[in-house]
Amino acid sequence: MTRRLAAVMFTDIVGFTKLGQQDEGAALRLRREHQALLRPIFARFSGREVKTLGDGFLVEFASAVESVQCAVEIQRAVAERNASVVAEDRLLLRIGIHAGDVVEEDGDVVGDAVNVASRIEPLAEPGGVCFSATVYQQVRNKLPIVIEKAGSRILKNVQEPVEIYRISLGPAHTAVAPSVSSPASQNLRLAVLPLSNLSAEPADEFFADGLTDELISRAAQVPRVRVIARTTVQRYKGSPKSIREVGQELDVGVALEGSVRKSQNRVRIAVQLIDVRSEEPIWSMRYDRPFDDIFAIQDDIAGQVAKSVAAHLVGPSADTPSGRVSAPPDTTDMEAYSMFLHGRKLTGERGSVESMRLAVSLFEGAVRRDPKFARARVFLAETLLWLATEGLIHFRDAEDRAQRELQAALEINDEIAEAHSVLAALYLGSDRFAECEREARRAIELNPSLADPYRWLAQLAAGDGKIDEAIRLLEAARGLNPEDVNVLSFLGRALAYSGREEEALAFWAATKDRIQFRTNAHLSEYYLGKGELAKAEETIRELERIRPESPWTFVYRGFLSARRGDPAAARRDIERLEARAQQGEMVVFFIGFLHYALGEMDEFVADMEEALRHGVLPLLELLYSPLYASARLDPRVQDILRRQRQRGTPPAAPATSTGSPAG
């Protein structure tokens with residue numbers, strides 16, 4: 001045996017197993033072509049091919065720098081090859097690299113470095129390269145490449161978390177459709193921090209918050225820049241944290257901060273763009289103008305941000321954004337605009353039912369004053385849908401009105417990304433999956449910094465059996481809006497359902513304080529599936545403490561009772577749910593879950609049929625949950641899933657107002 005330090009590379013063809021099942025001959029031809037393409041590149045960078053692993057390679061390098069150079073050259077060569085073939089014949093690779101101690105025996109290499117590299121490779125995006133912090137320390141500042149921090153990961157059979165980095169290879173190398181670029185692969189990340197209100201009137205606080213939202217929206221129009229969502233940056237309002245600390249927490253390179261002073265018909269705004277690492281200003285500007293000149297001020301700030309951010313982070317180049325990022329104002333009615341800003345502040349906070357109802361009134365008032373105020377109509381629609389989802393207004397009435405408002409807004413201006421995103425959500429809840437995907441992709445095309453459309457596409461992907469694709473999209477959404485509880489909740493489940501259980505448990509531990517009910521619900525499902533009933537008891541007690549009347553609380557308590565041999569207790573939970581069904585609540589699939597827990601398959605299938613008819617089939621559970629593994633073998637359940645698929649790409653979770661922990 002020979003022990004030495006080495007850089008270890010794993011490569012893998014994306015989708016090879018599926019291709020082999022569909023067309024074995026095509027899969028073998030692709031593998032041979034891929035081997036012929038890669039082997040000369042390995043040799044050029046002194047890489048030793050240790051062995052082939054089905055559709056991939058294990059390669060050893062004496063230098064971490066040469067291993068990364070080789071990986072970049074491989075992806076460039078593959079991208080050039082893909083440019084000359086039809087989409088169906090594209091070759092997509094993932095590459096993972098780690099450096100460490102290896103042991104050679106009979107020509108093979110083993111050891112921790114090999115194990116870690118094999119775990120890093122699946123983390124790379126299709127067409128991408130990921131490597132460990134060990135490799136990063138050896139290649140930083142030595143290669144003309146853009147390296148991004150991808151976060152700490154818990155890898156299977158690896159004791160300590162591993163810090164992961166990725167290479168940004170540019171749009172020519174990404175496997176994502178043109179209308180969905182992954183924000184994690186972009187180099188330009190900006191946080192627009194809440195503007196301070198210096199006005200004498202505390203009531204003007206809404207104006208400062210609303211203007212922050214406006215600047216976030218305008219900055220998101222800058223080509224290639226990814227802007228952190230308002231719900232995430234809002235937690236830094238009044239925070240004593242330094243710009244450097246904020247930048248590290250949000251993983252951004254630059255931040256925009258400033259203040260607003262509004263007095264009668266004038267407004268004074270001071271803003272500065274700051275390099276978060278050095279905490280040095282890049283650019284600053286002060287404005288003291290009439291209030292009715294606010295649109296020109298916003299355009300000027302956005303234009304300056306466009307030039308300054310790009311020049312600071314990537315330097316002058318042919319594709320550096322320049323000039324102003326301007327758009328005609330939605331309204332010239334300052335009273336309508338003030339009402340709109342006040343409403344945006346309230347919807348961003350989601351502080352109470354009363355504040356959300358007030359937001360509806362403010363948006364309605366803005367539309368009454370200016371019927372062509374398109375964005376006021378969009379936020380009115382979104383707020384109505386939120387109230388309906390919470391069960392506070394009739395869902396169908398809210399849905400119909402929201403659709404009318406969205407259609408009117410898009411007739412006025414078809415390039416409002418939020419309008420397409422809200423419409424995608426509406427279509428998802430109505431089982432109109434093709435329309436949902438179309439609208440979500442259009443929203444991302446218009447504003448790649450908008451997080452919600454990635455979540456809608458993740459729901460479609462998960463419902464179509466593409467759980468890894470769903471995770472990628474959810475990670476993209478989380479990169480834009482790290483505080484979105486819906487994204488966090490969905491991502492934890494997706495990790496568990498994909499088999500990445502250690503990561504899921506670590507993720508739930510980190511998010512449990514922020515999303516207590518949903519995380520405890522997911523943990524209840526996990527522990528019940530593992531047969532760890534004592535731990536399930538602990539999390540179910542938390543559900544009973546937080547939301548004792550939730551149908552999910554009844555389901556998991558009833559499941560635990562059935563597993564402990566107490567069917568009478570489980571039936572009492574069924575009776576509670578049936579009483580609510582008689583009052584008009586759509587709880588049929590919850591009742592079905594408890595029939596399944598009691599081994600009553602006929603009743604379970606009948607309830608799933610009813611759920612399918614009403615468009616509330618619990619697809620995530622049926623497709624992935626270990627609790628329903630045996631149900632997936634039942635031909636009747638398979639037929640229900642087949643009929644759901646015939647409707648189009650299915651959603652990942654039922655569209656109900658019952659508080660699904662899936663988010």
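The values are calculated or read from the model by the stated rules, or taken from the named source; none is laboratory data. If you're wondering where the values come from, they're calculated on a predicted model, not measured in any experiment. When we count neighbours, we look across all protein chains shown, and the Cβ atoms used for this are built from the backbone with ideal geometry, even at glycine.
Figures for the structure shown
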read-out	value
Residue that is crowded, with 21+ Cβ neighbours inside 10 Å, in a helix (DSSP H, G or I) and of a type outside the set (S, T, Y), where the choices are R377, R368	R377
Contacts under 7 angstrom Cβ, first residue in the range 386-415 being outside any helix (DSSP H, G or I), partner surrounded by fewer than 13 Cβ atoms within 10 Å (Cβ to Cβ), 6 or more apart	L392/V353
Unmet requirement for M586, which otherwise passes all of (1) touching a Phe, Trp or Tyr at 6+ places or on another chain (Cβ under 9 Å); (2) surrounded by 18 or more Cβ atoms within 10 Å (Cβ to Cβ); (3) over 19 Å from P626 (Cβ atoms); (4) in contact (Cβ under 8 Å) with a residue 24 or more places away in the chain	(1)
In the range 624-663, the residues that are assigned to a loop (DSSP other than H, G, I, E, B), at pLDDT 90 or above, surrounded by fewer than 20 Cβ atoms within 10 Å (Cβ to Cβ) and not charged (D, E, K, R)	A629, S630
In the range 385-417, the residues that are closer than 19 Å to A336 by Cα and under 24 Å from the mean Cα position of the chain (by Cα)	L406, I416
Filtered residue count, the range 444-457, keeping only those that are buried (at least 24 other Cβ atoms within 10 Å of the Cβ), assigned to a helix (DSSP H, G or I) and at pLDDT below 90	1
Evaluation of A336 against (1) in a helix (DSSP H, G or I); (2) at pLDDT 70 or above; (3) aliphatic (A, V, I, L, M); (4) under 30 Å from the mean Cα position of the chain (by Cα) (one fails), failing number	(4)
Entirely in the range 48-143, the strands (runs of 3 or more DSSP E) that have 3 or more residues that are free of Cβ contacts under 8 Å to residues at least 40 places away in the same chain	48-53
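One line per residue, one yes/no per condition, for (1) in contact with a His (Cβ under 7 Å, 6 or more places away or on another chain); (2) within 20 Å of R500 (Cα to Cα):
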| position | (1), (2) |
| --- | --- |
| S430 | no, no |
| F433 | no, no |
| A443 | yes, no |
| L450 | no, no |
| L457 | no, no |
| A462 | no, yes |
| I467 | no, yes |
| G479 | no, yes |
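For every residue, the table says whether it meets (1) within 20 Å of A476 (Cβ to Cβ); (2) free of Cβ contacts under 8 Å to residues at least 24 places away in the same chain; (3) in a helix (DSSP H, G or I).
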residue: Q221; (1), (2), (3): yes, no, no
residue: R226; (1), (2), (3): yes, no, no
residue: R244; (1), (2), (3): no, no, yes
residue: Q248; (1), (2), (3): no, no, yes
residue: V267; (1), (2), (3): no, no, no
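Yes/no matrix, rows are residues, columns are (1) among the polar types (S, T, N, Q); (2) surrounded by 15 or more Cβ atoms within 10 Å (Cβ to Cβ); (3) on the phi < 0 side of the Ramachandran plot:
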residue: L28; (1), (2), (3): no, no, yes
residue: L53; (1), (2), (3): no, no, yes
residue: A64; (1), (2), (3): no, yes, yes
residue: R81; (1), (2), (3): no, yes, yes
residue: S84; (1), (2), (3): yes, no, yes
residue: R94; (1), (2), (3): no, yes, yes
